[in-house]
1. Under a crude label model (7 Å from the Cα following the beta-carbon direction), how far is Leu65 from Ala33 in nanometres?
2. Within 10 Å of each residue's Cβ, count the other Cβ atoms and sort Glu44, Glu20 from fewest upward.
3. Rounded to the nearest 10 degrees, what's the angle between the helix 11-27 long axis and the longest principal axis of the chain, both from Cα atoms, 0 to 90?
4. Count charges around Asp81 for me, please; just the other residues with Cβ under 14 Å from its Cβ, Lys/Arg as +1, Asp/Glu as -1.
5. Using only Cα atoms, what Kirkwood radius does the range 2-51 have, in angstroms?
6. Under unit Cβ charges (Lys, Arg +1; Asp, Glu -1), what dipole magnitude, rounded to 20 debye, does the chain have relative to its Cα centre?
7. Suppose we keep just the alpha-carbon trace of the chain; what are its Rg and Dmax in angstrom?
8. Comparing Thr49, Thr62, Thr16, which has the greatest mean-square fluctuation in the GNM of the chain with Cα pairs linked when under 10 Å apart?
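Coordinate-derived values only; no laboratory data. From a predicted model like this one, the values you see are computed outputs, not experimental measurements. Every residue, glycine among them, receives a Cβ derived from its backbone with ideal geometry; neighbour counts consider all protein chains shown.
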Amino acid sequence: MMIITNGNVSQKEIDTIIAEDKERLEAKGKELATIEISVVSPEELEVKTWAKSDIRRVRRITGYLSTVDRFNDAKQDELSDRVVHS
């Protein structure tokens, strides 16, 4: 998990915010990936959270859709030989 803080935030505040956000996301079946805590004023913090995503990139080689990790050697070679046209 990545934690980003902007301003003077105590470790106790950080730990409390992380625990609350982890609990909130776990209730939705998600996992906390990144949290950004910024000081807005002495009495106010802004908290942004991002959950981990199970989105994968799918490629099409010779008509078949799959993730690159499932390509055989020939399909991986074809992928590496591709040229990007503008």
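1. About 2.1 nm, to one decimal.
2. Arranged by neighbour count, lowest to highest, Glu44, Glu20 become Glu44, Glu20.
3. 50
4. Net of charged neighbours comes to 0.
5. Averaging 1/r across every pair of different Cα atoms and inverting gives 11.1 Å.
6. In debye, rounded to 20, the chain gives about 580.
7. 20.7, 60
8. Thr62
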